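Comments concern the structure below.
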Amino acid sequence: MSERNLRNVLRIDAVGSGLSTVFTLAGASWLGTRLEVSAWIPFAVGLVLIPWVALLVHTVRRYPLSPTEVAVIVAGNVGWAVVAGVLIFGFPDAMSAPGNWMVGLFSLAVLALGVAQWVGLRSLVSGAHPAAAVEQGR
């Protein structure tokens, strides 16, 4: 994957995460009702997403891309999907059935972004990109 494509995947992640942040903060009550959880939970998720979006935006705007920052983003996305899976399958009654589906589908999208970013990261650190050589001091 080219650095340009990796940067585009990171942009998609930033936009999606940004929209999710606004939605969970502004619609915490509505979302809590649909998930059958207290409204503070979606609100807290929205608060956690604020620094996440900041990291994504910072990383996308950085030239060259930082392999370390991209690795943190990959770990965060994969971690998010794993935690969601544990919640859905380990505690199926914690949310409504539609809530489990919503969280599950969202987590699959996040996991897909993480996998695409991991593929781009592998290319970046393998030296396939000039940016990797600059950051590694070559």
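The numbers here are math on the coordinates, done by the rules we state, and not lab data. Remember, predicted model here, so these are calculated numbers, not experimental data. Neighbour counts run over all protein chains shown; Cβ positions are idealised from the backbone, glycine included.
List of remarks:
- Net charge of neighbours whose Cβ lies under 13 Å from the Cβ of Gly120, counting Lys and Arg as +1 and Asp and Glu as -1: +1
- Label point distance in nm, His58-Arg34, each placed 7 Å from Cα along Cα→Cβ: 3.1
- By the combined test of axial Cα extent (at least 27 Å) and Kyte-Doolittle hydropathy (mean at least 0.0), the qualifying DSSP H helices of the chain come to 3-26, 40-61, 67-90, 97-125.
- Leu47/Ala97 FRET efficiency (R0 25 Å; Cβ-Cβ; nearest 0.05): 0.40
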